[in-house]
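Everything below concerns the one structure shown next.
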Amino acid sequence: MSGSDPGLDTGWRQLEEGNSAAARKLAERELREDPASPDALLLLAACHREHGEFEDAIALLAKASGAAP
């Protein structure tokens, strides 16, 4: 979990509980506020992975690694 944003923490819990749609919405909301948020990009990548969208997940992971401090 991110440890820094309660919304993203909730998103990770949603994903762990199988609610990837809710997790994705939370990640996308954070990315609207901060498009370079590595934590939100990581959560969104995990959501894509859950749906078998591996190329999208990899692209988001690459973006997150470039955005990480």
Practice task
Pop out the carbon and sulfur fraction of the accessible area of the chain as a percent, whole number, probe 1.4 Å.
Solution key: 52
Exercise for the section: For ARG32 and SER65, compute 0.36 nm times the residue count separating them, minus their Cα-Cα distance, and round to one decimal in nm. Expected result: 10.0 nm
Exercise for the section: Quote the charge dipole size of the chain about the Cα centre in Debye, to the nearest 20; the model charges only the Cβ of Lys and Arg (+1) and of Asp and Glu (-1). Expected result: 60
Practice task
Quick one: grab the alpha carbon gyration tensor of the chain, order the square roots of its eigenvalues as a ≥ b ≥ c, and give me rounded if a/c is under 1.5, else prolate or oblate depending on whether a/b is larger than b/c.
Solution key: oblate
Exercise for the section: Go through 41-54, 17-30 and give me the packing order, highest mean Cβ count within 10 Å leading. Expected result: 41-54, 17-30
Problem - Karplus 3J(HN,Hα) series, Hz, for segment 37-48 with 6.51 cos²θ - 1.76 cosθ + 1.60 (x for Gly, Pro) - result: 5, x, 5, 5, 4, 5, 4, 5, 4, 5, 5, 4
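The values are calculated or read from the model by the stated rules, or taken from the named source; none is laboratory data. Since this is a predicted model, take the numbers as computed values, not measurements. Glycine gets a Cβ as well: all are built from the backbone with ideal geometry, and neighbour counts include every protein chain shown. Note: accessible area is taken over every heavy atom of the protein model, side chains too, but ligands, DNA and RNA are not part of it. Shrake-Rupley method; radii C 1.70, N 1.55, O 1.52, S 1.80 Å.
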